[in-house]
There are 4 protein chains.
Amino acid sequence: MTMKNYAVVGGDKRCALLAELLAKSGNSVHAYALDKYNLSDAIVKKPSLASLKDKYDCVLLPLPLQIEAGYLNAPFSINTYLLDDVFSLFPPGQKVVAGKVPHSLFEKAGRLGVALFDYLEREEFSVSNAIPSAEGAIQIALEKLPITLNRANCLILGNGRIGKVLSQYLAGFGAKVCVSARKYADFAWISAFGNTPLPTGDLTGKISGFDVVFNTIPRLVLDEKLLRELKPEALIIDLASSPGGVDLFAAKELDREVVWALSLPGKAAPLTAAEIMMTTVQNILEEWGYGK
Amino acid sequence: MTMKNYAVVGGDKRCALLAELLAKSGNSVHAYALDKYNLSDAIVKKPSLASLKDKYDCVLLPLPLQIEAGYLNAPFSINTYLLDDVFSLFPPGQKVVAGKVPHSLFEKAGRLGVALFDYLEREEFSVSNAIPSAEGAIQIALEKLPITLNRANCLILGNGRIGKVLSQYLAGFGAKVCVSARKYADFAWISAFGNTPLPTGDLTGKISGFDVVFNTIPRLVLDEKLLRELKPEALIIDLASSPGGVDLFAAKELDREVVWALSLPGKAAPLTAAEIMMTTVQNILEEWGYGK
Amino acid sequence: MTMKNYAVVGGDKRCALLAELLAKSGNSVHAYALDKYNLSDAIVKKPSLASLKDKYDCVLLPLPLQIEAGYLNAPFSINTYLLDDVFSLFPPGQKVVAGKVPHSLFEKAGRLGVALFDYLEREEFSVSNAIPSAEGAIQIALEKLPITLNRANCLILGNGRIGKVLSQYLAGFGAKVCVSARKYADFAWISAFGNTPLPTGDLTGKISGFDVVFNTIPRLVLDEKLLRELKPEALIIDLASSPGGVDLFAAKELDREVVWALSLPGKAAPLTAAEIMMTTVQNILEEWGYGK
Amino acid sequence: MTMKNYAVVGGDKRCALLAELLAKSGNSVHAYALDKYNLSDAIVKKPSLASLKDKYDCVLLPLPLQIEAGYLNAPFSINTYLLDDVFSLFPPGQKVVAGKVPHSLFEKAGRLGVALFDYLEREEFSVSNAIPSAEGAIQIALEKLPITLNRANCLILGNGRIGKVLSQYLAGFGAKVCVSARKYADFAWISAFGNTPLPTGDLTGKISGFDVVFNTIPRLVLDEKLLRELKPEALIIDLASSPGGVDLFAAKELDREVVWALSLPGKAAPLTAAEIMMTTVQNILEEWGYGK
């Protein structure tokens, strides 16, 4: 790619590492709202957001863009910033990439003539992040289980991106892997890769033998009845974003161990997570018409 | 499933085995246009198509339905049958499953009130058949290559169903597997499973090192220029249906070895292929409202 | 197996879990020198060693038998015990299994007519423990590396039991795995399983690209020269028992991150580690002439 | 390696390809008793054995050295040669490598001052050849089985070199793989790699479910009783050298399908098999004191 002029605004360690990676690749990088992170000298640190008025080839906002509604997600800044104020600074035509953008901000961006893109609309971003998510889940299982994954009975709920990658990596340990799904085609995929399919809608009576259950489905699957069927020492790792897939109240009552693991890519492999962001930004820019 | 009343009409060994499997599972099975195949006593052999006028729970036609246009694909029959004549026999409401049904027959079925379903519209059918296809492709490679798959440099063109399964099975031998794709998301999938992605549109200069190339893309990919780049002893296995993905004329001129392998499931694993048909038929019937 | 009468004497969590597993399998189990561990009611707790004078089917001592030379390894006891005193209690003919038994104690046992066996003389014990060791090593890598194991460049020094298992499990993540060995036959094994062999004696100039190095060789391999060649951010995980395989002084000088991971089976998977002990004890007893 | 002066004497396609590989690597190669094979111009063809009196860096005899006792294995020669005559030609000190050398010839070589080495004494030769053997066995299974290896129930008798490699490659297809062994340590290895161990000595009552049995043990294992237990359609592939591991008479009586597959490396992957020979010869020469 030709070198570009980036602004990285706010965000967590993953965003800071993204800034470093972009600088290391020879780009010009300006950092805003990262004042508490110890960035290298290759990056220009900006004390205020004022110069976001200047046009950049691309402005990189965090993923997720906001944690408290309406405010920029900026854990490494001593200040707080209203997203409305941030967006008001951008010159018309500014290209901006952010993650988990609320509908209202897309509208605002449209009115301001700002070209706004969400990481999560990129299929390759989600697939790539399934890898550190799966590895993070395995790390938790290795830490928590008193038995080896080798020969452990593992159940993965859901054969989406994370389910597909996780089932493969678990099988690599010689674990016995069942994967639940709803579609016949998914049953065929699960069998093709040497694992055992189970119907998600019909788990009752089939899960008492599992040592560990990984949930990837973002709706209630492990209800009280199923939790009761699990053996008491089974470990549950919930990888689904809010509201998760486990009845946490029932799990507590029944004394089942549940680890709700969110935002694994940035935790399990922050550098790879930053590389995935960088690649995705470059793919977006390429499709927006920037040459290599 | 509750037992049912099937007619199996025409088709190759796979269809004959399908009839046997259905009978073995306790269904009532009537065979038409399979007179030269040595069917077991569990199956009622019908000397003519006349009693197709009777209603069956389901009539199973071949995959593909026709080889010569307009005629039933019936290699095990001493007679030939016009598809129009076959369809005219069915009573209104008859459920029929067939494969590669031409558009005109769907129209005819509609007019006759016949409920016609194509195997190929079922995603699970295609996924399941990717397994025997991949195994058949590996069998050809094992037969033809003078080197082991272990450490062989393998290129798979296309990361569709067959590409995904084949890449996994080849990697199981310790082969070095590259897979070509066009979408960024596919690159991520290929990497996630430990293989190396290549862009399908930009292969020039990158394929001289491969010992074997498996094509799964049903349009011309290996043109004269790419064929010339391959080393002379490289083996090409084309798994794509007509027109295939290899310039066969150029390959002959350049003395490159090409195996065009069609209809692998029925050849590589006819019993599994028949089981896949049976499962698919049962899934179709279930969704048409038959209970288990 | 027929039920037996065991004494479990001292040891860490793994030994305590071994006592529990034996009791759960229906054996009679007496615990000594485990007074601070919260054992279940199925186990008879003995306040002093005095009744070790009684004959048991088998007495199970810890692995390792001693940490401070001459003393029983008994971290869950409030007392300390001289091994000489413990052995003096055993009646002639007593069968005893222990781990890492010093030569002098074998002599003493011989004079006392005690039949003493070392876990570590059992090949199946060492092979089985390679599994939790490899999983523990992967856990450390997942925790420490900022990148994913998928596509990471991994070097394993040594193709012994742990090297063989670890290389396989790492490859399951889609990591790029090199394994060093000295013998031609090991090179062939490494290639057969799809990984890349390197000569242990000739690593100079070949290791600058690795993201993580796992050492399994119990003699100095990673000397200052090789450490200098590794990239600064490479992670080193030393799995070799004392004296280890890394020049720790040089590593500190060069600011290379080294994790010296000892006794992984008991830490990574204490329950599996206890099961391995139980299986080994049963195999020993079976060969000593006890029937099933 | 520095270039050397080789004589290749007799042998099958594998030996002819070995001659070609050595020539391609820049060595001087003289071919004897290969007159019917169409060798390239890079090789000097010798019309008689007379000039074997000249000293070569190494003389390469076939594997196996003899098929009919006392005669050189030379299927590509129009003549026959007594091994005694061949050995009488060698000058004292001649280095010779051959395969499956009978004891009497070692004696003769000793008396003549000929340095004779057997390929089969090299562990790396046997390990490397396990790869084409395993691939050849899988090729046969793919050709003969009417079902896919994916989800097939596979039994491998013996966890030696071929058993270890074959179990791994079969598992790569998503097959269900059991491996029989006699030692506890082998049970542990089999489990470590995700497969299921069975005791070789106690198979009765455990083998009725297998779709395919691969034997690697060179003594009678599948006797009439076990053959009777196998399901009628099970396929048996015997990879063990004479006398094999299957009661062929009983198998015929019971109408069980047995493929006795010998000398697979040269058949399944002749070029790789020749490369393995070349590497082994070079390793032998290196250890005999030739520098690289």
Got at least one residue in the range D:242-252 being open to solvent by 20 Å² or more (accessible area, probe 1.4 Å), under 17 Å from D:Lys144 (Cβ atoms), away from chain B (no Cβ under 14 Å) and of a type outside the set (A, V, I, L, M)? yes
Can you pull out every residue in the range C:64-81 that is among the aliphatic types (A, V, I, L, M) and either modelled with pLDDT under 95 or open to solvent by 70 Å² or more (accessible area, probe 1.4 Å) (or both)? C:Ile67, C:Ala69, C:Ile78
Looking only at the range D:232-245, decide whether some residue is at pLDDT 95 or above and under 13 Å from the mean Cα position of the chain (by Cα). yes
What is the one condition in (1) under 20 Å from C:Asp186 (Cβ atoms); (2) not assigned by TED's automatic domain parsing to the domain that holds D:Ala240 that D:Ala134 does not satisfy? (2)
Is it true that D:Asp84 is open to solvent by less than 60 Å² (accessible area, probe 1.4 Å) and acidic (Asp, Glu)? no
Candidate set from the range A:1-46 (those that are farther than 23 Å from A:Glu287 by Cβ and part of a helix (DSSP H, G or I)); member that is most open to solvent (accessible area, probe 1.4 Å): A:Lys24
Of everything in the range A:195-214, what is closer than 16 Å to A:Leu145 by Cβ and more than 14 Å from chain C (Cβ to nearest Cβ)? Give them in sequence order. A:Gly209, A:Phe210, A:Val213, A:Phe214
Of B:Arg219, B:Arg228, B:Arg182, which residue is more than 29 Å from A:Met278 (Cβ to Cβ) and under 25 Å from the mean Cα position of the chain (by Cα)? B:Arg219
Consider A:Thr216 against the criteria (1) surrounded by 13 or more Cβ atoms within 10 Å (Cβ to Cβ); (2) over 19 Å from A:Gly158 (Cα atoms): it satisfies all of them except one. Which criterion is unmet? (2)
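State the number of residues belonging to the range B:95-104 that are aliphatic (A, V, I, L, M) and open to solvent by 10 Å² or more (accessible area, probe 1.4 Å).
Residues meeting the conditions: 1.
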Qualifying position, being of a type in the set (Phe, Trp, Tyr), part of a helix (DSSP H, G or I), without any contact (Cβ under 8 Å) to a residue 24 or more places away in the chain and in contact with a Leu (Cβ under 8 Å, 6 or more places away or on another chain), among B:Phe106, B:Phe87: B:Phe106
Yes or no: the range C:198-216 includes at least one residue that is of a type in the set (Lys, Arg), part of a helix (DSSP H, G or I) and without any contact (Cβ under 8 Å) to a residue 24 or more places away in the chain. no
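This table checks each residue for (1) of a type in the set (Ser, Thr, Tyr); (2) in a helix (DSSP H, G or I).
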| site | (1), (2) |
| --- | --- |
| B:Lys252 | no, yes |
| B:Val258 | no, no |
| B:Leu262 | no, no |
| B:Thr272 | yes, yes |
| B:Met278 | no, yes |
| B:Ile284 | no, yes |
Any helices (runs of 4 or more DSSP H) falling wholly within the range C:112-194 and containing at least 1 residues that are open to solvent by 10 Å² or more (accessible area, probe 1.4 Å) and within 14 Å of chain A (Cβ to nearest Cβ): C:123-144, C:161-171
Which members of the range B:39-50 meet the condition of being in contact with a helix residue (DSSP H, G or I) (Cβ under 9 Å, 6 or more places away or on another chain) and hydroxyl-bearing (Ser, Thr, Tyr)? B:Ser40
Only residues that are open to solvent by 30 Å² or more (accessible area, probe 1.4 Å) and part of a loop (DSSP other than H, G, I, E, B): list them for the range C:49-63, please. C:Asp54, C:Lys55, C:Asp57
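The values are calculated or read from the model by the stated rules, or taken from the named source; none is laboratory data. Everything quoted here is computed from the prediction, not taken from an experiment. Cβ: placed from backbone, ideal geometry, glycine included. Neighbour counts: every protein chain shown. The area values use the complete protein model at the heavy-atom level, side chains included, leaving out ligands, DNA and RNA. Shrake-Rupley method; radii C 1.70, N 1.55, O 1.52, S 1.80 Å.
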